[in-house]
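**Student:** Structure in structure tokens, see below.
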Amino acid sequence: MTISSGFFNSVNHDRLYDAEQFGSLFDGIINDGVYEHVGDAFEVTPNSDVNDSVIVGTGRAWFNHTWILNNAQYSITLNPPNLVAPRYDAIVLDIDRRDSVRKNSIVVVEGTPASDPQYPSMVNEELHSQYPIAYIRMNPGNSDIISASDITYNVGNSSCPLVTGPLEVINNDNFFSQMNASF
């Protein structure tokens, strides 16, 4: 279908709209990303009360025609570090529109221990995507409190954009008036 429209009252159930249609109304108005001015923009900080744990701050994001809101500090415990090699874990916004899931959440994607560890790969499929809000370096040895220097906040990078506000409207009336006057 190339043309669609709505919303109209249903008569005998002849008008059915789904969440994707509703979400697509915001295309061109809202860009995908974390909202800069809502809460803490999902800032990730150490949890000084629990080993191998971080706190994800409040925030709201819009990705793939869906939204996620965290309205309270959210504690996440990571698996203990490897005894020999470091790894990077990612704290991600997991956007899952598959029929079997239909849920957005904040999860950990665990990296692979290595002498030169790399950030873990994110899922990037049509109905399931991940956006890293922070990377945590898990240093080898015993479990311990994660320090601020172990956390790389990633919001604002291309893999997890920062939305600073709605798109602005440009009024070119004056420009066109000046151009017409020139000719």
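**Student:** With the requirement that a residue be open to solvent by 40 Å² or more (accessible area, probe 1.4 Å) and touching a His at 6+ places or on another chain (Cβ under 8 Å), what does region 81-129 give you?
**Tutor:** 97, 98, 101
**Student:** Now a separate question. Evaluate the following for residue 46: is it modelled with pLDDT of 90 or more, of a type outside the set (Gly, Ala, Ser), open to solvent by 60 Å² or more (accessible area, probe 1.4 Å) and touching a Ser or Thr at 6+ places or on another chain (Cβ under 7 Å)?
**Tutor:** Against the criterion (modelled with pLDDT of 90 or more, of a type outside the set (Gly, Ala, Ser), open to solvent by 60 Å² or more (accessible area, probe 1.4 Å) and touching a Ser or Thr at 6+ places or on another chain (Cβ under 7 Å)), residue 46 does not qualify.
**Student:** Further question: Taking residue 7 as the residue in question, decide whether it is open to solvent by less than 90 Å² (accessible area, probe 1.4 Å), farther than 23 Å from residue 91 by Cβ and of a type in the set (Phe, Trp, Tyr).
**Tutor:** no
**Student:** Has region 91-100 got at least one residue that is under 22 Å from residue 151 (Cβ atoms) and basic (Lys, Arg)?
**Tutor:** no
**Student:** Then there is this: Output the qualifying pairs, or none if there are none: Cβ atoms under 9 angstrom, residues six or more apart or on different chains, first residue in region 86-102 and touching a residue at least 24 places away in the same chain (Cβ under 8 Å) and aromatic (Phe, Trp, Tyr), second residue assigned to a strand (DSSP E or B) and buried (at least 20 other Cβ atoms within 10 Å of the Cβ).
**Tutor:** Once the first residue is touching a residue at least 24 places away in the same chain (Cβ under 8 Å) and aromatic (Phe, Trp, Tyr) and sits in region 86-102, its partners that are assigned to a strand (DSSP E or B) and buried (at least 20 other Cβ atoms within 10 Å of the Cβ) give 88/135; 88/136; 88/138.
**Student:** Out of all the residues in region 97-127, which are assigned to a strand (DSSP E or B) and small (Gly, Ala, Ser)?
**Tutor:** 105
The values are calculated or read from the model by the stated rules, or taken from the named source; none is laboratory data. All values derive from a computational prediction rather than experimental measurement. In this analysis, Cβ positions are derived from the backbone assuming ideal geometry, glycine residues included, and neighbour counts consider all displayed protein chains. Areas reflect the complete protein model, heavy atoms only, side chains present, ligands, DNA and RNA absent. Shrake-Rupley method; radii C 1.70, N 1.55, O 1.52, S 1.80 Å.
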